[in-house]
Amino acid sequence: MPTHPHPDTALAAALLDRWTALLGRVAAAGSADPAPFGDELLRRWSEPQRRYHTLSHLAAVLDVADRLADEAEDPDAVRLAAWFHDAVYAPERSENEERSARLAERVLPEAGVPATVTAETARLVRLTTTHEAAEGDRNGAVLCDADLAVLGGPPAAYAAYAAAVREEYAFVPDDAFREGRAAVLQQLLELPRLYRTPAAQSAYAVAARSNLLSELSALRP
């Protein structure tokens with residue numbers, strides 16, 4: 001197994017095992033060793049500018065995607081999209097999702113993933129720009145719900161998430177951050193439904209709305 005230059009070696013090793021198993025199911029027989037591709041993704045998820053978008057977030061999204069797998073049309077495409085959805089992350093840039101999708105389009109064919117699965121993975125990654133999955137988009141619903149599950153955690157966990165996001169944007173002055181963050185929260189609150197799958201709606205919706213409203217209130221004078 002490759003040596004992991006990651007802050008959490010045990011978590012990185014567990015994630016690499018999950019990646020290897022995933023590629024074992026998805027990639028064509030005789031494809032390249034999936035481990036180097038997984039290790040490069042783990043390196044990206046361990047970059048120093050990250051405070052929330054870390055290996056822990058990746059693991060959490062994969063865990064929820066696993067729990068919601070029966071709701072997806074192609075659970076493994078959703079898992080691949082989870083791996084790539086924040087693989088490119090620079091807080092000061094606005095095109096992270098697009099750059100992450102392009103990374104998937106470049107890497108997955110090299111790893112032996114079929115073109116149809118690669119295209120679906122990239123589509124799902126781009127969907128996380130807005131989290132507005134269309135009616136009937138089962139894969140999109142699962143990925144978006146998994147990515148937004150953090151919003152429906154206990155108040156202390158949500159506070160830790162919000163604090164980590166602020167740390168990622170430490171270069172932004174307080175007034176500008178409050179304005180931008182409030183706009184993001186308002187967008188989420190105005191979605192027709194924050195969660196699209198029944199399981200996620202039941203598990204997270206009530207707490208998420210309370211958490212979002214509480215943070216929004218704290219941000220506004």
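The values are calculated or read from the model by the stated rules, or taken from the named source; none is laboratory data. These numbers were taken from a predicted model, which means no experiment stands behind them. Positions of Cβ are generated from backbone atoms using ideal geometry, with glycine treated the same way; all protein chains shown enter the neighbour counts. We work out accessible area using only protein heavy atoms, side chains counted, and drop any ligands, DNA or RNA first. Shrake-Rupley method; radii C 1.70, N 1.55, O 1.52, S 1.80 Å.
Annotations for the structure displayed:
- Ala183-Ala115 pseudo-label distance in nm [points 7 Å out on the Cα-to-Cβ vector]: 3.9
- Using C-alpha pairs under 8 Å with a sequence gap of at least 6, the mean separation divided by the residue count of segment 123-171 gives a relative contact order of 23 percent.
- For segment 106-221, the solvent-accessible area with a 1.4 angstrom probe is 49 square angstrom per residue.
- Additional length obtainable on full extension of the chain from Glu105 to Ala90, 0.36 nm per residue less Cα span: 3.5 nm
- Filtered GluC sites (Glu not before Pro), segment 121-175: DSSP coil and at most 11 other beta carbons within 10 Å: Glu135
- Carbon/sulfur fraction of accessible area - the chain, other protein chains in place, 1.4 Å, %: 55
- Inter-probe distance in nm under a simple model that places probes 7 Å from Cα toward Cβ, at Ala28 and Arg193: 3.8
- Relative to the longest principal axis of the Cα atoms of the chain, the long axis of helix 115-127 lies at roughly 10 degrees.
- Gyration tensor (alpha-carbon) shape descriptor, segment 1-79, a/c threshold 1.5: oblate
- Segment Asp70-Asp175, length gained on full extension (0.36 nm per residue, minus Cα span): 33.5 nm
- On Cα atoms only, tilt of 96-110 relative to the major axis of the chain in degrees: 10
- For the chain, the Kirkwood estimate of hydrodynamic radius, built from reciprocal distances between every pair of different alpha carbons, is 17.9 Å.
- Cα→Cβ-extended label distance, 7 Å offset, between Ala205 and Ala160, nm: 2.7
- Per-residue ellipticity at 222 nm computed for the chain from its helices equals -21000 deg cm²/dmol, with DSSP H segments shorter than 4 residues left out and the rest contributing -39,500 (n - 2.57).
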